[in-house]
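Since the structure comes first, as structure tokens, the remarks are kept for the end.
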Amino acid sequence: MERLNQSSSLTCENLPSFLSSFVDTFVDFSVSGLFLPQQQQIPQQPLQTHYPSPNRLVAIGDLHGDLEKSKQAFRLAGLIDGSDRWCGGSTTVVQIGDVLDRGGEELKILYFLEKLKREAVKSGGQLITLNGNHEIMNIEGDFRYVTKKALEEFDVWAYWYDIGNKMKSLCHGLEIPKNPFHGIPPSFHRVPEEFSHSIRARIAALRPDGPISRRFLANNLTVLVVGDSVFVHGGLLEKHVDYGLQRINDEVRDWINGSMGQRAPEYCRGRNAVVWLRKFSDEFAKNCDCSLLEHVLATIPGAKRMIMGHTIQEIGINGACDNRAIRIDVGMSKGCINGLPEVLEIDRNSGLRVLTSNPMYQNKNQYAQTKEGLGLLIPEHGPKQVEVKA
């Protein structure tokens, strides 16, 4: 900390190198990473809701603050190497949302995903991330599922972010940094004093126009169409399609960026919201509204299936409604059910299959007989996995 008091030796010219050497000593992220404010705002690119069908498409479910399980999922699909660098070539990857809550490495995962996005583009691939209900909840200040370790992580973020702002303010001619804590009360009713600063840090980081929400969440999609597959965290109803998928994405981004008030748009709130719906993800076939799903898909040109997270599938990734509903949340985080990582692969030539780390499926070639690879739903029980690649 002695170096911080030597402000007279700092100039605008030596500030970047000072920050780099200082931060590298204490944190695992680069100076352009999580904790320090960016020098300038990067112009926003228009959100893209529809993408053409790639040769290879991989879908990854809810991550919930578990960095190691997140990396396992990416490795399972051959997307990262032993050094956690992108090696997925031209693969398109969709992460279905719910990075936040239930685990203590939320910021590390957000940074990891951003790093992979940049690396993927250089190789002709892409990583597309979606908003889940837990992203929406945290932006609204609903921290019911936050863990103590996650609060500590945001405490560390706030500490370094404040140092970065103070250093930046030493440079004449630069814009005075905005105080991310402005308007946040110093304490909260029924919150122990020992957690007050952590809660303040989380609010500051994640509220609309907060440094973390703006940088890592604002450009997430809420609804995505890739070829003939529709991706959404919870599910879509006809009213959502009628409202407009592009409109939903644009409005959620505007809300996260702070231009639409504190409350999330209505279609992100309540049991029938796009991030909360469970009509097509129940593990029992009799509870899945297949006729409604078929009707919704018919309103989206070319759509054959809806791929969803949100509802944990204890048996693993599976298909319902003749594989029109694909459910990919396997609860892999240790904060959920500590499920074995699995991912969905859609190959242009060979169709759908599940890639799993579950040892019970290793060397069982008989599971490769079904073309679409996810199997049919047994009406009275749960769905089956059919083709599985260990």
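Going by what's in this entry, would ASN219 be described as touching a strand residue (DSSP E or B) at 6+ places or on another chain (Cβ under 9 Å) and either in contact (Cβ under 8 Å) with a residue 40 or more places away in the chain or under 29 Å from LEU47 (Cβ atoms) (or both)? Outline the logic, then answer.
On the way: touching a strand residue (DSSP E or B) at 6+ places or on another chain (Cβ under 9 Å): yes; either in contact (Cβ under 8 Å) with a residue 40 or more places away in the chain or under 29 Å from LEU47 (Cβ atoms) (or both): yes.
In short, yes.
A quick yes/no check of all residues on (1) within 22 Å of MET308 (Cα to Cα); (2) free of Cβ contacts under 8 Å to residues at least 40 places away in the same chain; (3) in a strand (DSSP E or B):
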site	(1), (2), (3)
PRO54	yes, no, no
ALA59	yes, no, yes
LYS69	yes, no, no
GLY88	no, yes, no
ASP98	yes, no, no
LYS108	no, no, no
ARG118	no, yes, no
LYS149	no, no, no
GLU153	no, no, no
Filtered residues of the range 222-254 (kept if free of Cβ contacts under 8 Å to residues at least 60 places away in the same chain, farther than 28 Å from TYR159 by Cα, out of contact with any Phe, Trp or Tyr (no Cβ under 8 Å at 6 or more places or on another chain) and of a type outside the set (Lys, Arg)): LEU237, VAL241, ASP242, GLY244, GLU251
Tabulated pairs, the range 306-332, first under 20 Å from LEU224 (Cα atoms) and hydroxyl-bearing (Ser, Thr, Tyr), second open to solvent by less than 20 Å² (accessible area, probe 1.4 Å) and outside any strand (DSSP E or B), C-beta under 7 angstrom, 6+ apart or interchain: THR311/SER281; THR311/ASP329
Scan of the range 126-142 for residues that are open to solvent by 30 Å² or more (accessible area, probe 1.4 Å), part of a loop (DSSP other than H, G, I, E, B) and more than 13 Å from SER213 (Cβ to Cβ), ordered by number: ASP142
Selected residue (only one of GLN262, GLN366 is within 22 Å of ASN249 (Cβ to Cβ), out of contact with any Ser or Thr (no Cβ under 6 Å at 6 or more places or on another chain) and at pLDDT below 95): GLN262
Of all residues in the range 143-159 being farther than 26 Å from ILE80 by Cβ and either open to solvent by 40 Å² or more (accessible area, probe 1.4 Å) or small (Gly, Ala, Ser) (or both), the one that is farthest from the chain's Cα centre (by Cα): TYR159
Filter result for LYS334 (modelled with pLDDT of 95 or more, open to solvent by 40 Å² or more (accessible area, probe 1.4 Å) and within 29 Å of GLU68 (Cα to Cα)): yes
Test: residue in the range 183-197 that is surrounded by 14 or more Cβ atoms within 10 Å (Cβ to Cβ), without any contact (Cβ under 8 Å) to a residue 12 or more places away in the chain and not charged (D, E, K, R): yes
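The values are calculated or read from the model by the stated rules, or taken from the named source; none is laboratory data. Just so it is clear, the structure is predicted and the values come from calculations on it, not from any experiment. All Cβ positions, even for glycine, are placed from backbone atoms using ideal geometry, and neighbour counts span all protein chains on display. Remember, those area values only see protein heavy atoms, side chains included, never the ligands or the DNA or RNA. Shrake-Rupley method; radii C 1.70, N 1.55, O 1.52, S 1.80 Å.
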